[in-house]
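For reference, the structure is listed below as structure tokens.
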Amino acid sequence: MREAWVVGAASNRFGKMADTGREAATRVSLAAIEKSGLEPKDIGYTFVSNCFGIAEHQAHVGPLINGGLGIPDVPSCTVESACASSSAALHEAFVQVAGGFIDAALVVGSEKLSHLDTLAATSYFAIAADYPFETRNGATFPGLYGTLASAYQAAFPHPPEMLGAIAIKNHANAARNPHAHFQREISMDTYLSSPIIASPLRLYDCCPFSDGAAAVVVAAKEFVKKPVTEPLVIRASARAGSITDMQDRPDLLGLPATKIAGAKAFRQAHMEPKDIDFMEVHDCFTIAEAVAIEDLGFFPKGTGVKAALEGVTVRDGRLPVNSSGGLKAKGHPVSATGVSQVVEVFEQFNGLAHGREVPKTGTALTHNVGATGGSCSVHIFSHR
Ligand SMILES: CC(C)(COP(=O)(O)OP(=O)(O)OC[C@H]1O[C@@H](n2cnc3c(N)ncnc32)[C@H](O)[C@@H]1OP(=O)(O)O)[C@@H](O)C(=O)NCCC(=O)NCCS
């Protein structure tokens, strides 16, 4: 295997885009390629994620993006793994580059849903659960994660301020991120007085529906030779799956796919949780952040929920989590999310995270979940 690097990364501002998903994908791809010092002709494969392209009447968007980049002959494919789509695409790019099949790959995720109302967007998203068993019986993602939060509350009773502190932390970070959907801080009063969406989850426990696009360029060390940015060496690219249906799981106190992907990633990187300086984890709902940092091995079961309130995971804490604002406040344009986590690592490594710098940027981990954990990707990065 060859050493594979992320050499360029770009994101637009999440929220509501004037561009179509395809236009936004092309724009961020060009920006990522430009930053990398490579040229479009250097790209050997384009991996695209665009789960809900169908909501824009557009599938098979890869060739259209490549056409816009002036490389219509380059192969492309669309990778779908629900909310973990673009991290799955990154894994495929890593395999191709590290395996020596291509020298450089473009990974781009894009989503546009703002033309849909909440009911329509919720219904589209819910098809990523098990349609006959969950979706058709009324399950939605706020409802399913509300179930996880109830199970966690029953096993490890905690006051609402603990989940509230996760939302407050992530909004504070997003307020310093020009890519973020919600660039505003919230107070504990705002959190506690927000309406219940799916008990016990409140409005500020939930990620929003966001449009957005993000792209990275992955290239072989020997192909790049002299990088023009500080590259992210991909030390681990691990994926896992687990039983999709929550009713069939042995317990609801964690996501098995996170545990498996995390353990694989640490084995690949020859690292342990203590070696990680900061991370971006999948906080589609605040409870998901608490559970993720436990499943990844950073906190014992039942204690991850306290980490934000105790100041451990805040931006200048011992282990910053979601310095970008996370899905909660940076936003969650499903197919762009996994790659946008890597954009945050790229900006932190390259001194571009102005005003939201974390104290140590030697190593970073990204964690991206599909639906309620049917799929998961974990990546670990370090400097050269
Ligand atoms: C929480 C949720 C139900 C709110 O939807 P809604 O009640 O229809 O809200 P609206 O879109 O009408 O927005 C009303 C206001 O709340 C804000 N808002 C919406 N969602 C928000 C969120 N998650 N966090 C904070 N504010 C939010 C809007 O910006 C708007 O503010 P404004 O009045 O100042 O403009 C919706 O955002 C949701 O379902 N989120 C989860 C998405 C999801 O499941 N993703 C997949 C995860 S696996």
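Does region 3-11 contain any residue that is open to solvent by 10 Å² or more (accessible area, probe 1.4 Å) and more than 11 Å from Gly212 (Cα to Cα)? Before the answer, list the steps.
Initially, region 3-11 is screened for residues open to solvent by 10 Å² or more (accessible area, probe 1.4 Å), giving 3, 11.
This time we only want the ones that are more than 11 Å from Gly212 (Cα to Cα), so: 3.
Yes, because at least one residue in region 3-11 is open to solvent by 10 Å² or more (accessible area, probe 1.4 Å) and more than 11 Å from Gly212 (Cα to Cα).
Has region 47-56 got at least one residue that is at pLDDT below 95, in a helix (DSSP H, G or I) and open to solvent by 40 Å² or more (accessible area, probe 1.4 Å)?
Within region 47-56, one or more residues are at pLDDT below 95, in a helix (DSSP H, G or I) and open to solvent by 40 Å² or more (accessible area, probe 1.4 Å).
Yes/no per residue for (1) in contact with a helix residue (DSSP H, G or I) (Cβ under 6 Å, 6 or more places away or on another chain); (2) surrounded by fewer than 24 Cβ atoms within 10 Å (Cβ to Cβ); (3) not aromatic (Phe, Trp, Tyr):
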{"site": "Ala288", "(1), (2), (3)": "no, no, yes"}
{"site": "Gly297", "(1), (2), (3)": "yes, yes, yes"}
{"site": "Val312", "(1), (2), (3)": "no, yes, yes"}
{"site": "Arg315", "(1), (2), (3)": "yes, yes, yes"}
{"site": "Gly326", "(1), (2), (3)": "yes, no, yes"}
{"site": "His332", "(1), (2), (3)": "no, no, yes"}
{"site": "Glu347", "(1), (2), (3)": "no, yes, yes"}
{"site": "Gly355", "(1), (2), (3)": "no, yes, yes"}
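Pairs only if they're at least six apart or on different chains, beta carbon under 6 angstrom, first in region 324-335 and within 13 Å of Tyr124 (Cβ to Cβ) and part of a helix (DSSP H, G or I), second of a type outside the set (Phe, Trp, Tyr) and within 7 Å of the ligand (Cβ to nearest atom); list them, first residue then second.
Val334/Cys83
Scan region 210-247 for residues that are over 21 Å from the mean Cα position of the chain (by Cα) and not acidic (Asp, Glu) and jot them down.
Ala220, Lys221, Phe223, Val224, Lys225, Lys226, Pro227, Val228, Thr229, Met246, Gln247
Just the residues that are surrounded by fewer than 24 Cβ atoms within 10 Å (Cβ to Cβ) and in a strand (DSSP E or B), please, taken from region 65-103.
Ser76, Cys77, Thr78
The values are calculated or read from the model by the stated rules, or taken from the named source; none is laboratory data. Note that the structure is a prediction, hence the values are computed from the model and not measured. In this analysis, Cβ positions are derived from the backbone assuming ideal geometry, glycine residues included, and neighbour counts consider all displayed protein chains. These area figures cover heavy atoms from the full protein model, side chains too; ligands, DNA and RNA do not enter into them. Shrake-Rupley method; radii C 1.70, N 1.55, O 1.52, S 1.80 Å.
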